[in-house]
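J.: Could you have a look at this structure, given as C-alpha cells, before my questions?
The values are calculated or read from the model by the stated rules, or taken from the named source; none is laboratory data. From a predicted model like this one, the values you see are computed outputs, not experimental measurements. Here Cβ is always computed from backbone atoms with ideal geometry, including for glycine, and neighbour counts include all displayed protein chains.
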Amino acid sequence: MSEERMFRIPVGPQHPALKEPINFTFIVDGERVVDVKPRIGYNHRGIEKLMESKTYIQGLYLIERICGICSAAHQGCYAQNIEEAAGIEAPPRGVYLRTLIWELERIHSHLLWVGVAYHEIGFDTLFMYVWRDRERVMDILEMISGNRVNYAMNTIGGVRRDVTPEIVDNALKALDYLEERTKYYKKVTEEDDSILARTVNVGILKTEDAKRLCAVGPTARASGLKVDVRRDDPYGAYDELDFDVVVYDTCDLTARVLVRIDEVLESIKMCRQILQNLPSGPVRVKFKRKVPEGESISKVEAPRGEDLHYVKANGTEKPERYKVRAPTLANIPSVCEMLKGGYIADIPIVFAGIDPCIACTDRMLFIDVNTERKWMWTEEELRMYARKWYKKHLKEVVRERWKC
Amino acid sequence: MGILDRMVKWARIRSPWILHFNTGGCNACDIEVLAVLTPRFDVERFGILLKGSPRHADVLVVTGPVTRQVAKRLKRIYYQMPEPKFVMAVGACAVSGGVFRGAYNVHMGLDQVLPVDVYVPGCPPKPEAIIDGVVKLLKKLEEGG
Amino acid sequence: MSELKAEQELVEDVKKQLGDKIVDTKIQRAKRVYIRVKAGDHRDVIKYLKEKWDAYHVSTITGVDLGENIELLYHLFAYRGNVTVTVRTEVPKSDPKIQTIVDIIPGATLYEREVHDLLGVVFEGHPELERLILPDDWPEGVYPLRKEYKLEVEEVEEVKEEGEA
C-alpha cells in the first residue's frame, strides 16, 4: 500500500494508551468495512538495539519507558528476568510490593481505558467522572513510589522503596472508595441504553478467531478464552493470592468493557490481600552488576495482556540481546478481524476495544470498493461522523443487533 | 497598538487552543496531558481547549522523542497551523531525546525539528508542571504578542 | 523432580514422536522448555506441539544475531501442561531463509514481519512480507538488530520553511 496517500495528524483527548501508533488502510463498501491493513512503526524507537548498549541497571529506566501506562509491568518483567538470569531472588516483601504496584497499575490503566471507551461513544460526562476517580489510584501510586506515572519502583533484586503503616491505611481507604465507584460504573455499563446501543454485538471476535490469531489479555478473555499469565505461569506473589480470572463469552464490546471493570474489582481484592498480609523483612537484595552467560524468558500479565521478555546474557554488564513483545502487537490481528464486516461508525470504539494507542494519532485512508473514491479522515472527524450517523440510524441498527 | 490588535491579543490570551501530538513517546506524558484536561486539574477554566485539527490551534503541545517516521508529519502539521503559533515541548524526550537519546530511530529532541517556545522537563512532568508551562507561555504571549 | 512432570512428559513425547528431527532439548526450570531443531524441521515440531499439546499460542518470534548465523526462537505456550516451549533453530546469515509458520499459526503474521524488518530473515510462503515497523525512508538491506549495525549519533536536518504543505 502506498504510504504517500496517508499521514498522521495530532488528535486529542482520547489517548488510549500503548506502544505503537498505527496506520490502517480500510477498504469499505458503503457503510461496511471489507478489509483492514495495518502499518505500524510510527512509534518505533529502536529500544531493543539501544538495550544492547546499556548496562542492566540503565536498562531498568529505558525499559520502563516502553510504555508509560504499563511501565511497572515492563519494568517488573525485566527485573524478574534479569534476576532469573543472574540467579538471585527478590525477598518476599519486595515481591509483594512489586505485585502491589502491578495491580494498582492495572486499576489505573483499566479505569483510564473505561473512561476513554465512554468518550469514544460520546458519553463524555462519564469519561470525566471516571478520570476524576482514577486520580485516587494515582494518589496511592504517588504515595508509594513518589511518582504518578513511571514509578521506577522495581530494581533488580527487589523494589526501591518500602511502605509505612500510614501509607497502607491511606491506600486501603482509597481502595474502598474505588470499589464503590467501580461497582457504580459496572451498573451503568450493564443498564444504560445509550452504552448498550453502541456496544452489544459490536466488534465481534469469536472464540476460535481469538485462539487462531493468538489474542491476549482482556481481549482474549472477553472472547471466552480463559488465558491469564497470572494463573497459567504464576510469577510474583500471584500463586499466594486468591483471585478469579474474569471471562465473558459474548465476544463483543460489552464483554470487553465488563471484563476490565471486573478485573478492577479483582485487583482491588488482591491489593487488599497484599496490604493486609505484607511479609516483613528487607525489600531488596544486592545485585552484582554482571550476569553470567545464559538466557531467560520472563512473562507478565500486563494490563493489556501477556508481555514477554527474553534476555540473552554474555557474562558482561550489558545484555547480548534483549527482546520485548508488548501485548498490543499481539492483538492487532484480532482488531483487524473485529473491524471486518462492521460499520465505519463503529471503528473508533472497536479500535479502542483492544486498548491500543493508535487510533488517535493516525489518519485513516478509506477506499470505497464500488466507486473507488478515496478519502481520509482524522480520528476526530471520524468520531463526529460516528455520532451523527448513529443519531440517524440508531433504531434500525439496534433492532438488527438485538435480534440476534 | 490599535483597538483591534488589543482585542485580538486579549482573546488569544484568554483562549489558547491546543493541539496535542505524540511523536513516539511512551504515553506517560500523554496521559498526564490528558489528566490536565480532566476534572482534578481542569485547564479549561483558563480557556484552554484541546482541538483535533491543526488549523484551529494556537499552541502545539508535543510529547515524545520525535521518531524518524513521524518527523515529516510533525512538520506538516506545524505548517498547517495559522500564525502566530507556539510550540510546547512536554517531557524529557521532547526536550532532549531523554532516555532514547542515541537510538537509531529518533531525533534528539523537538528543537532539532521545530522551533520551541516552552520546555517542560520531567519524565513525565506532573500535571502541575504542565500547567506551569502553559502559564509561562501565556505570559510570553502577553509580553511579546 | 516431581514438579517437572509435565515438562519431562512433553520433552519425552516430542523426542519419541519426532526423534530424528530434535537436535537437543533443555528443561531450564518449571514451565520453561527449549527444543532445538534444524531449520526446516521447525514446522513439523510446531505442528505437532499445536495438535498434541494445545500450543496454539505463539507469544512471539525472537531473532538473535549469533555472528555466522541468525537464531530464531519461537516462543510457544502449551496449554496442556501450561509450559512455555521455545523452539529454536538457526539460519545462515548469508542466506537467511526459512519456511513460514503462518499457515499453522495465523497469529504469527506480524512477528515474522517484524523479524524480517529488523534482521532481514526471509520467511518463505508468508502472504505479505512487507515493511512493518521501520520508517519508509529506511535504506534497503540495512537491518538494525544485526551486530554489524552500530548506533551512531545521527545528523539532524535544519528546520526550513517549506510553505504551506
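J.: How many of the residues in segment A:119-148 are in contact with a Leu (Cβ under 8 Å, 6 or more places away or on another chain) and assigned to a loop (DSSP other than H, G, I, E, B)?
T.: 2
J.: With the requirement that a residue be free of Cβ contacts under 8 Å to residues at least 60 places away in the same chain and of a type in the set (Gly, Ala, Ser), what does segment A:70-119 give you?
T.: Step one: list which residues in segment A:70-119 are free of Cβ contacts under 8 Å to residues at least 60 places away in the same chain, which gives A:101, A:108, A:115.
Within segment A:70-119, just A:115 meets the criteria.
J.: Of C:15, C:38, C:21, which residue is surrounded by fewer than 16 Cβ atoms within 10 Å (Cβ to Cβ), among the charged types (D, E, K, R) and over 16 Å from the mean Cα position of the chain (by Cα)?
T.: C:15
J.: Can you find even one residue in segment A:60-68 that is at pLDDT 85 or above, within 11 Å of chain B (Cβ to nearest Cβ) and touching a Phe, Trp or Tyr at 6+ places or on another chain (Cβ under 7 Å)?
T.: Yes, that holds for at least one residue.
J.: Suppose we filter segment B:88-116 for residues that are farther than 24 Å from residue B:127 by Cα, among the hydrophobic types (A, V, I, L, M, F, W, C) and either more than 7 Å from every other protein chain (Cβ to nearest Cβ) or in a loop (DSSP other than H, G, I, E, B) (or both); how many remain?
T.: Qualifying residue count, segment B:88-116: 2.
J.: Return yes when residue B:13 is more than 30 Å from residue A:51 (Cα to Cα), surrounded by 22 or more Cβ atoms within 10 Å (Cβ to Cβ), at pLDDT below 85 and aliphatic (A, V, I, L, M) and no when it is not.
T.: no
J.: For segment A:49-78, give me each residue that is in contact with a helix residue (DSSP H, G or I) (Cβ under 7 Å, 6 or more places away or on another chain) and of a type in the set (Gly, Ala, Ser).
T.: Within segment A:49-78, A:59, A:68, A:71, A:72, A:73, A:76 qualify.
J.: Looking only at segment A:133-150, count how many residues are under 13 Å from residue A:72 (Cα atoms), under 18 Å from the mean Cα position of the chain (by Cα) and at the interface with chain B (Cβ under 10 Å from one of its Cβ atoms).
T.: Within segment A:133-150, residues that are under 13 Å from residue A:72 (Cα atoms), under 18 Å from the mean Cα position of the chain (by Cα) and at the interface with chain B (Cβ under 10 Å from one of its Cβ atoms) number 3.
Let's see how each residue does on (1) modelled with pLDDT of 90 or more; (2) crowded, with 19+ Cβ neighbours inside 10 Å; (3) more than 26 Å from residue A:51 (Cα to Cα):
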| site | (1), (2), (3) |
| --- | --- |
| A:260 | yes, yes, yes |
| A:276 | yes, no, yes |
| A:280 | yes, no, yes |
| A:293 | yes, no, no |
| A:298 | yes, yes, no |
| A:307 | no, yes, no |
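J.: Continuing with this model, one more query. Select from segment A:38-59 the residues that are over 20 Å from the mean Cα position of the chain (by Cα) and touching a residue at least 60 places away in the same chain (Cβ under 8 Å) and list them in ascending order.
T.: Listed by number, the residues that qualify are A:48, A:51, A:52, A:53, A:54, A:55, A:56, A:57, A:59.
J.: List the pairs whose first member sits in segment C:115-137 and is in contact (Cβ under 8 Å) with a residue 40 or more places away in the chain, whose second member is among the acidic types (Asp, Glu) and surrounded by 17 or more Cβ atoms within 10 Å (Cβ to Cβ), and whose Cβ atoms are under 7 Å apart, counting only residues at least 6 apart or on separate chains?
T.: Sorted first by the residue in segment C:115-137, then by its partner, the pairs are C:119/C:65.
J.: Name the residues in segment A:125-165 that are within 19 Å of residue A:110 (Cβ to Cβ) and of a type in the set (Asp, Glu), would you?
T.: Once the filter is applied, which keeps residues that are within 19 Å of residue A:110 (Cβ to Cβ) and of a type in the set (Asp, Glu), segment A:125-165 yields A:133, A:135, A:139, A:142.
J.: Determine, yes or no, whether residue C:16 is farther than 23 Å from residue A:295 by Cα, in contact (Cβ under 8 Å) with a residue 12 or more places away in the chain and either touching a Ser or Thr at 6+ places or on another chain (Cβ under 9 Å) or assigned to a helix (DSSP H, G or I) (or both).
T.: Answer is no for this residue.
J.: Have a look at A:210, A:215, A:220, A:197 and point out the one that is in a helix (DSSP H, G or I), touching a strand residue (DSSP E or B) at 6+ places or on another chain (Cβ under 8 Å) and more than 15 Å from residue A:114 (Cα to Cα).
T.: Of A:210, A:215, A:220, A:197, the one residue that is in a helix (DSSP H, G or I), touching a strand residue (DSSP E or B) at 6+ places or on another chain (Cβ under 8 Å) and more than 15 Å from residue A:114 (Cα to Cα) is A:220.
J.: Against the definition (at pLDDT 90 or above and in the same structural domain as residue A:105 (by TED's automatic domain parsing)), how does residue A:238 come out, yes or no?
T.: no
J.: Let me ask something additional. Keeping to segment C:75-102, report how many residues are of a type outside the set (Val, Ile, Thr) and under 22 Å from residue A:231 (Cα atoms).
T.: Number of matching residues: 8.
J.: Quick one: in segment B:24-36, which of the residues that are in contact with a helix residue (DSSP H, G or I) (Cβ under 6 Å, 6 or more places away or on another chain) and not acidic (Asp, Glu) is farthest from residue A:74 (Cα to Cα)?
T.: Result: B:36.
J.: Would you confirm whether any residue within segment B:120-128 is under 17 Å from residue A:149 (Cβ atoms), facing another protein chain (nearest Cβ under 9 Å), in contact with a Lys or Arg (Cβ under 7 Å, 6 or more places away or on another chain) and modelled with pLDDT of 85 or more?
T.: yes
J.: From the residues in segment B:17-64 that are assigned to a helix (DSSP H, G or I) and more than 8 Å from chain A (Cβ to nearest Cβ), which one is nearest to residue A:134 (Cα to Cα)?
T.: Keep residues of segment B:17-64 that are assigned to a helix (DSSP H, G or I), which gives B:28-37, B:43-46, B:54-56.
Those still in the list that are more than 8 Å from chain A (Cβ to nearest Cβ) too: B:36, B:43-46, B:55-56.
Values: B:36: 13, B:43: 17, B:44: 19, B:45: 20, B:46: 23, B:55: 32, B:56: 30 Å.
This residue is B:36.
J.: Can you find a residue that is within 23 Å of residue C:145 (Cβ to Cβ), of a type in the set (Gly, Ala, Ser) and in a strand (DSSP E or B) anywhere in segment C:52-73? Break it down into steps so the answer makes sense when it comes.
T.: Just the residues of segment C:52-73 that are within 23 Å of residue C:145 (Cβ to Cβ), to begin with: C:58-73.
After this cut, where a residue has to be of a type in the set (Gly, Ala, Ser) as well, the list is C:59, C:63, C:67.
Right, trim to in a strand (DSSP E or B) and you get C:59, C:63.
Yes, segment C:52-73 contains a residue that is within 23 Å of residue C:145 (Cβ to Cβ), of a type in the set (Gly, Ala, Ser) and in a strand (DSSP E or B).
J.: Any chance you could count how many residues in segment C:72-92 are under 14 Å from residue A:297 (Cβ atoms), free of Cβ contacts under 8 Å to residues at least 40 places away in the same chain and within 11 Å of chain A (Cβ to nearest Cβ)?
T.: The total comes to 4.
J.: Among the residues of segment B:53-72, write down those that are of a type outside the set (A, V, I, L, M), surrounded by fewer than 24 Cβ atoms within 10 Å (Cβ to Cβ) and either in contact (Cβ under 8 Å) with a residue 24 or more places away in the chain or touching a Cys at 6+ places or on another chain (Cβ under 8 Å) (or both).
T.: B:53, B:54, B:55, B:56, B:58, B:68
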